[in-house]
Ligand code: SF4
Ligand code: SF4
């Protein structure tokens, strides 16, 4: 994170992009999805837009066509549909005038624009990947590394896997799902029935009813109901969610052999996800920016680099003395290694890495 005359952090970020071989994944004419998190309203730890502008300009210099993208959220914050999402992105500084590229919400207006990608894995036979990201020629995930209230940390795998799942895909990652209609809220509009792929839900009398024998747990009804009358279950085990996220990463990268890369910012490493409407004091000092073409190696390196640091005294983990595993301390119920182990096992990358300073 050192900088000086003729070597700003923006310059260094571009040097890193080059040194990590990312220009090799981009060819003239490619549509290049730069997948980031635009930050929830109220958050402040997300990546500064100026860094995205520098990456955008580098991609343009290769003759390609970059755009900034993310998919809508499952929870009803400030990014659950494309209108709110774009509004929030602009308020957080990700405006065309700043980043020099268009913003595309990857799964469309209401989160229903996705491509079903066959993967035939343990948890999912197919996954629902936000269409704009899947249809792009190149995917570069620009990730802010931080803690996470359920998964212990959020890095490149989570940015791509959970981040590029459609809204109903996110529901499927979060829960082994059986919808429960709250009858007191249901207005009998029957919209859930129109989107159900299994004809498993529909209004009977004055309330919608689920046929549990037919329901395939896709989550479409939950994200469709305009009055949130269908309960969202967040009950999946952290380890199972990690595996599901990894399977979504496989789906997101499936049509992009050799056409993806990862840049991760180890700055403002807050204890909570950027989906929260706040950013608590960082756990450790700003460490640097990493780049790689391997999503497993870059996440493993980030975890190791953070765990090597002393916790900052004013952070959530301050006052506890030496904390060798910050993520276990943040999230004692979660074995955070699962996502890395499983990602390596299914061939997404390796936990072995070499750190090369630029
Ligand atoms: S979860 Fe899917 S299959 Fe089940 S009722 Fe809802 S829309 Fe239908
Ligand atoms: S979409 Fe919601 S409000 Fe409309 S019928 Fe279904 S559960 Fe009821």
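FYI, it's all coordinate maths here, none of it is from the lab. What you are looking at is a predicted structure, and each value in this text was computed from that prediction instead of being measured. Note: ideal-geometry Cβ built from the backbone for every residue, glycine included; neighbour counts use all protein chains shown.
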Out of 123, 159, 81, any idea which swings most in a Gaussian network model of the chain, alpha carbons joined below 10 Å? 123
According to the square roots a ≥ b ≥ c of the eigenvalues of the Cα gyration tensor, what is the shape class of the stretch 97-191, taking rounded for a/c under 1.5, prolate for a/b larger than b/c otherwise, and oblate for the remainder? prolate
Give the Rg (one decimal place) followed by the Dmax (whole number) of the stretch 177-232, computed from C-alpha coordinates and expressed in Å. 9.6, 25
Taking every DSSP beta bridge that has both residues in the chain, what percent is antiparallel when rounded to the nearest 5? 55 percent
For the stretch 105-259, max minus min Cα coordinate along each principal axis, in Å, sorted largest first? 54, 31, 27
Which peptide among 103-116, 242-255, 22-35 comes first, and what is the full order, when sorted by highest mean count of other Cβ atoms within 10 Å? 242-255, 103-116, 22-35
Helix-derived [θ] at 222 nm for the chain: sum -39500 (n - 2.57) over DSSP H runs of at least 4, divide by residue count, nearest 500? -8500 deg cm²/dmol
P(r), alpha carbons of the stretch 12-152 - 10 Å bins starting at zero, rounded %: 12, 38, 36, 14, 0
Spin-label pair residue 345/residue 135, simplified geometry with 7 Å Cα→Cβ offset, distance in nm: 3.5 nm
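With contacts defined as alpha carbon pairs under 8 Å and 6 or more residues apart, what's the relative contact order of the chain in percent? Write out the running numbers ahead of the final one.
Working: 782 pairs, mean separation 68.8, N = 358.
So the answer I get is 19 percent.
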May I have the convex hull volume per residue, in Å³, for the Cα set of the chain? 136 Å³
Separation of the residue 333 and residue 352 label points, Cα + 7 Å toward Cβ, nm: 3.6 nm
Residue-span extension gain [residue 97 to residue 254] - 0.36 nm each, minus C-alpha spacing: 53.2 nm
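Given the stretch 31-134, what percent of its DSSP beta bridges are antiparallel, to the nearest 5?
Of the beta bridges lying entirely in the stretch 31-134, close to 40 percent run antiparallel.
Would you mind ranking 65, 185 by Cβ crowding within 10 Å, fewest neighbours first?
So the residues, fewest neighbours to most, are 185, 65.
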Proxy reagent accessibility, fewest Cβ within 10 Å first, across 73, 337: 337, 73
Which angle from 0 to 90°, rounded to the nearest 10, does the C-alpha axis of helix 82-91 make with the longest principal axis of the chain? 30 degrees
I want to verify a result. In a Gaussian network model of the chain, Cα cutoff 10 Å, which of these has the top mean-square fluctuation: 213, 170, 122? 213
Averaging sequence separations of C-alpha pairs under 8 Å and six or more residues apart, then dividing by the length of the stretch 177-232, give the relative contact order as a whole percent. 45 percent
